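The values are calculated or read from the model by the stated rules, or taken from the named source; none is laboratory data. Only a predicted model underlies this, so the values are computations on that prediction, with no experimental measurement involved. Note: ideal-geometry Cβ built from the backbone for every residue, glycine included; neighbour counts use all protein chains shown.
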């Protein structure tokens with residue numbers, strides 16, 4: 001089961017899904033989806049400083065999409081419902097120059 005924000009009639013911005021058996025109680029699945037949406041919307045991973053987005057804490061969660069405005073295989077990230085280019089995300093990471101990082105890729109239906 002999934003939920004998504006529509007922009008210009010297309011899924012964009014916030015997107016959320018949960019896995020479940022088709023035989024499961026649909027209201028229970030909907031309840032799980034709503035709870036996951038609430039958790040997702042309750043945390044902001046980006047802030048604005050000098051009109052530029054910055055990483056709010058030390059953890060960023062989002063979705064990896066395809067950036068069709070750039071030639072080649074370039075990702076477009078969606079963080080806090082906002083599209084963030086790969087270049088823009090790289091600039092945000094420079095705040096942490098010299099630090100180490102951990103990258104974890106998870107299935108969108110998995111619980112956070």
Exercise for the section: Any residue in the stretch 20-43 that's without any contact (Cβ under 8 Å) to a residue 60 or more places away in the chain: show its pairings with residues that are assigned to a helix (DSSP H, G or I) and surrounded by 10 or more Cβ atoms within 10 Å (Cβ to Cβ) at Cβ separation under 7 Å, as long as the two are six or more apart or on different chains. Expected result: 20/29
Exercise for the section: Would you point out the residue of the stretch 66-91, among those that are buried (at least 16 other Cβ atoms within 10 Å of the Cβ) and touching a residue at least 40 places away in the same chain (Cβ under 8 Å), that is farthest from residue 39 (Cα to Cα)? Expected result: 83
Exercise for the section: Within the stretch 10-30, track down each residue that is exposed (fewer than 12 other Cβ atoms within 10 Å of the Cβ) and more than 21 Å from residue 86 (Cβ to Cβ). Expected result: 21, 22, 23, 25, 26, 27, 28
Exercise for the section: Kindly indicate which of 83, 97, 87 is modelled with pLDDT of 90 or more, outside the structural domain of residue 7 (by TED's automatic domain parsing) and more than 17 Å from the chain's Cα centre (by Cα). Expected result: 97
Practice task
Could you please find all residues in the stretch 55-70 being outside any loop (DSSP other than H, G, I, E, B) and within 20 Å of residue 100 (Cβ to Cβ)?
Solution key: 55
